[in-house]
Amino acid sequence: MLGFGGIVVMDESPEEADRVVSKAVDAGINYFDVAPSYGNAEDVLGNALKRHRDKVNLACKTLERTAEGARRELEQSLRLLHTDRFDVYQLHGMPNIRELEQAMGPGGAMESILDAQERGIIRFVGITTHFPHVALEAIRRYLFDTVMFPISFSSWINSGFGPDVLAAAAEKEMGVLAIKAMALGRLNEGCERKWAKPWYVPADDPEIVELALRFTLSRDVDSAIPPGEIGPFEMALSARNITRPLDHDEEARLIALAGSLEAMFPIAPIP
């Protein structure tokens with residue numbers, strides 16, 4: 001039920017990357033996700049994952065919106081990750097409808113992605129976004145296999161962020177990859193930064209980590225991707241019974257906690 005975000009090993013030594021990747025595989029994690037925009041993560045993960053490749057589903061992404069740009073980036077990712085195929089390949093970080101239409105239109109990135117799928121280089125095609133209206137439009141218009149979207153207890157409780165996307169994905173029988181499950185809030189200016197990589201504050205109290213993951217995994221999602229940092233990732237890996245639904249008291253505890261937090265993803269006007 002947990003996935004491995006490639007940022008976990010970004011800028012890590014080969015020895016540390018080998019250790020944490022092997023630990024994840026030994027724990028049963030079989031979904032690994034990375035992107036060219038994650039610094040040197042493709043290179044580091046590719047080396048650490050080589051001996052485990054046939055045990056896992058490997059996903060990658062592209063921020064390119066043109067066919068030529070996506071083709072070039074796909075080929076580079078295959079080389080850096082020492083693989084001849086991706087189990088999931090995603091249009092990454094889609095911010096608005098204009099870019100969605102560009103990527104899906106004539107000469108758009110999807111042309112290269114579908115060509116690679118026909119040649120057996122890509123198995124499933126997905127999209128990632130932090131914007132509900134973009135996710136809903138992509139799900140409505142196109143036959144994506146997966147959607148990656150934030151499902152965070154604080155934003156779900158405080159602003160109703162997420163249920164409509166999950167409902168639309170379920171109707172199309174899409175896979176759902178949940179991000180930001182352990183997010184407590186944004187890093188405000190001047191806020192002390194405990195972890196170097198996340199742009200938000202992740203939960204690091206073991207009890208809250210477990211409750212937050214259980215909240216997300218009790219929704220209609222296929223996998224939750226913990227924060228891209230070794231410390232919080234290993235906390236998620238250590239959480240117990242994460243597929244057990246929350247009871248009434250545990251739900252009440254998260255509702256109270258959410259009330260003290262600013263929603264990670266408030267519902268904003270459509271840009």
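Computed values, structure above
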item: Selection within the range 135-144 - surrounded by fewer than 18 Cβ atoms within 10 Å (Cβ to Cβ) and not hydrophobic (A, V, I, L, M, F, W, C); result: ARG140, ARG141, TYR142
item: Test: residue in the range 233-256 that is closer than 18 Å to THR128 by Cα and either of a type in the set (Lys, Arg) or surrounded by 15 or more Cβ atoms within 10 Å (Cβ to Cβ) (or both); result: no
item: Condition broken by MET10, with the remaining ones in (1) within 21 Å of PRO232 (Cβ to Cβ); (2) out of contact with any Gly (no Cβ under 8 Å at 6 or more places or on another chain) satisfied; result: (2)
item: Matching entry among GLU207, GLU262 (being in contact (Cβ under 8 Å) with a residue 24 or more places away in the chain and over 18 Å from GLY28 (Cα atoms)); result: GLU262
item: First in the range 230-241 and over 15 Å from GLY6 (Cβ atoms), second anywhere and aromatic (Phe, Trp, Tyr) and modelled with pLDDT under 95, Cβ under 7 Å, 6 or more apart; result: GLY231/TRP195
item: Count of the range 59-73 residues which are touching a helix residue (DSSP H, G or I) at 6+ places or on another chain (Cβ under 6 Å), closer than 15 Å to GLU42 by Cβ and of a type outside the set (Val, Ile, Thr); result: 2
item: Hits in the range 139-150 - residues which are farther than 13 Å from LEU166 by Cα, in contact with a helix residue (DSSP H, G or I) (Cβ under 9 Å, 6 or more places away or on another chain) and modelled with pLDDT of 95 or more; result: PHE144
item: Members of the range 1-45 that are β-branched (Val, Ile, Thr), more than 23 Å from LEU63 (Cβ to Cβ) and not in a helix (DSSP H, G or I); result: ILE29
item: Residue within the range 86-99 that is surrounded by 24 or more Cβ atoms within 10 Å (Cβ to Cβ), in contact with a Ser or Thr (Cβ under 9 Å, 6 or more places away or on another chain), part of a helix (DSSP H, G or I) and on the phi < 0 side of the Ramachandran plot present; result: no
item: Of residues in the range 175-197 being surrounded by 14 or more Cβ atoms within 10 Å (Cβ to Cβ) and more than 15 Å from the chain's Cα centre (by Cα), the one nearest to ARG253 (Cα to Cα); result: LEU184
item: Close pairs (6 angstrom Cβ cut-off, 6 or more residues apart or separate chains): under 18 Å from ILE127 (Cα atoms) in the range 64-81, among the hydroxyl-bearing types (Ser, Thr, Tyr) and buried (at least 19 other Cβ atoms within 10 Å of the Cβ) anywhere; result: ALA67/SER112; ALA70/THR62; ALA70/SER112; ARG71/SER112; GLU73/THR62
item: Hits in the range 22-75 - residues which are surrounded by 19 or more Cβ atoms within 10 Å (Cβ to Cβ), among the hydrophobic types (A, V, I, L, M, F, W, C) and under 13 Å from PHE4 (Cα atoms); result: ALA24, ILE29, PHE32, VAL34, ALA35, ALA41, LEU45, ALA48, LEU49, LEU58, ALA59, CYS60
item: Single residue of the range 56-71 satisfying the filter (within 18 Å of GLU118 (Cβ to Cβ) and assigned to a helix (DSSP H, G or I)) that is nearest to the chain's Cα centre (by Cα); result: ALA70
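Residues checked against (1) assigned to a strand (DSSP E or B); (2) out of contact with any Asp or Glu (no Cβ under 7 Å at 6 or more places or on another chain); (3) free of Cβ contacts under 8 Å to residues at least 60 places away in the same chain; (4) farther than 21 Å from VAL9 by Cβ:
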position: SER154; (1), (2), (3), (4): no, yes, no, yes
position: ILE157; (1), (2), (3), (4): no, yes, no, yes
position: LEU184; (1), (2), (3), (4): yes, yes, no, yes
position: TRP195; (1), (2), (3), (4): no, no, yes, no
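The values are calculated or read from the model by the stated rules, or taken from the named source; none is laboratory data. Remember, it's a predicted structure, so these values are computed and weren't measured experimentally. Glycine also receives a Cβ, built like all others from the backbone with ideal geometry; neighbour counts cover every protein chain displayed.
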